[in-house]
Amino acid sequence: MDLKSDIRGLLQYVPLFREKVFVIDIDWVSVNDAVKAEIMMDLAALQSVGVKLVISMQSEQAQDFYGYSAELEFRISSSVRSCSDTDLSELLERGQAFVVARESGFISDQLIALSTSLGAAKLICLSSLPKLLDSSGEVVKFMHISELADEVSDTQLSETIQRQAVKACQAGVPRVHLLDVSQQGVLINELFSSEGVGTMFYTDSYRSIRPITEEDISEMLGMIGRSVRNTHLVPRTFEEVRDNISAYYVMEVDDNVVGCGALYEYGECAEVACLYVKHSHEGTGYGAAMVKFLEEKARDKNLTQVFALSNRAAEFFKSIDYQEMNLEELPKERLKRLIESGRESRAFKKPVN
């Protein structure tokens, strides 16, 4: 998906970013003129929606950077600053970005200290360093720092930049992004997307599952509408969901609802139902995460088994350790409703206690 053309997706972030401080550490010397121009346009776009920008780079590259900024009428202080200067907050308050000289490697201790003193919401590193990979060789899109040791091999990325990203989070920066400076549109595509294109370390809540509220119901029904129309999901009305609201949960990514699920109880077992993830988030593992969450809820209720009905997702349920079951094994009430619906669903089960 080209996020530059996805205006709706972009606009949802504008109020979240307005008046926030972003510190951006750029490997300006490693990119060609075309990439420099694009980075500069992206920085100007961020400034235009109210982001307060701090730019870090080698001091000898600043003059070249200033040349690009002048072409876009970018509001920036004309002198290179030190991370220890005392008037930096004042520059941001009057609407000017500024450049600080990189004193050592990327995401230096001095830059971390500056970021925390300014209350930065993000520290972003645009470099040519290797991408962060998990043990299977896949790029890690986001990682809570508490999970880092279990998921990432120390040999997959420069230990220094990895350690500094974690240190920045531990110091109080909520999110640190590691981006490939040579990747076209990387800055905008990372920041204005819930999935992003680089690696994000974070300490705050990025992905969460919570009980649905009445205010969420209309959004959920709109979200699942296409799947209902294509007979993947059972049709539901606002009133039906509201009357069973305690059974429903939604998944949020960056405060945006991207999926849903429900847990209907039948004695000692429960049905995993209304499982849906937005098309834009398919292949992310969110469906499996939602099912796992519902299984935990069933376990907390001391239920013995969960089951699911589907006419399209057989391989998905098998991949997460569900076994196909005979329809006659379903609770009588649920089997009766299935027969009355005329749907040709298959049933899958999994013990949870």
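Tell me which residues come under 5 Å, amide H to amide H, from residue 124 once H is placed; ignore anything under 5 positions away on its chain.
Placed amide hydrogens put 23, 24, 25, 177 under 5 Å from residue 124.
Between 272, 183, 14, whose Cα lies farthest towards the positive end of the dipole of the chain when Lys and Arg beta carbons carry +1 and Asp and Glu beta carbons carry -1, centred on the Cα centre?
272
Where a ≥ b ≥ c are the square roots of the eigenvalues of the C-alpha gyration tensor, would you call the stretch 1-141 rounded, which needs a/c under 1.5, or, failing that, prolate if a/b is larger than b/c, or oblate?
Details: a/c = 1.34, a/b = 1.15, b/c = 1.17.
In terms of gyration-tensor shape, rounded.
Considering only the chain, what is the antiparallel percent among its DSSP beta bridges, to the nearest 5?
55 percent
Going by alpha carbons, how many degrees (0 to 90, nearest 10) lie between the helix axis of 159-171 and the longest principal axis of the chain?
80 degrees
For the stretch 224-353, what is the number of Lys pairs with C-alpha distance below 14 angstrom, counting only pairs 8 or more positions apart or on separate chains?
Working: 292/318; 292/349; 292/350; 297/350; 318/349; 318/350.
Pairs that pass both the separation and distance tests number 6.
Between the alpha-carbon centers of the stretch 157-222 and the stretch 16-88, tell me the distance in whole angstrom.
Taking the Cα centre of each part, the stretch 157-222 and the stretch 16-88 sit 21 Å apart.
Which one of 137, 31, 247 is farthest out on the positive end of the charge dipole of the chain, using unit charges on Cβ (Lys, Arg +1; Asp, Glu -1) and the Cα centre as origin?
247
May I ask for the angle, rounded to the nearest 10°, between helix 332-341 and the longest principal axis of the chain, with both axes built from Cα atoms and the value confined to 0 to 90°?
80 degrees
Taking the Cα centre of the chain as origin and charging only Cβ (+1 Lys, Arg; -1 Asp, Glu), how large is the dipole, in debye to the nearest 20? Intermediate results must be reported in sequence, preceding the final value.
Details: 37 positive and 54 negative charges, 160 e Å.
For this selection, approximately 780 debye.
Go ahead and estimate [θ] at 222 nm for the chain from helices alone: -39,500 (n - 2.57) per DSSP H run with n ≥ 4, summed, over the residue count, rounded to 500. Intermediate results must be reported in sequence, preceding the final value.
Numbers: 14 runs with 126 residues, N = 353.
The helix-only estimate for the chain comes to -10000 deg cm²/dmol at 222 nm.
Shape of the stretch 220-272 from its Cα gyration tensor (a ≥ b ≥ c, root eigenvalues): rounded if a/c is under 1.5, otherwise prolate when a/b > b/c, or oblate? Please list the in-between numbers first.
Working: a/c = 1.72, a/b = 1.25, b/c = 1.37.
In terms of gyration-tensor shape, oblate.
Could you tell me how many degrees, from 0 to 90 and to the nearest 10, lie between the Cα long axis of helix 286-300 and the main elongation axis, the longest principal axis, of the Cα atoms of the chain?
Computed tilt is about 60 degrees.
Residue by residue through the stretch 306-311, which ³J(HN,Hα) values in whole Hz follow from phi under the Karplus form 6.51 cos²θ - 1.76 cosθ + 1.60 (θ = phi - 60°), with glycine and proline marked x?
Each residue's phi maps through the Karplus curve to give 10, 9, 9, 10, 7, 10 Hz.
Taken together, the values in this text are just the output of simple stated rules run on the coordinates, not laboratory data. None of these values were measured; they are calculated from a predicted model. Ideal geometry is used to build each Cβ from the backbone, glycine not excepted, and the neighbour counts take in all protein chains shown.
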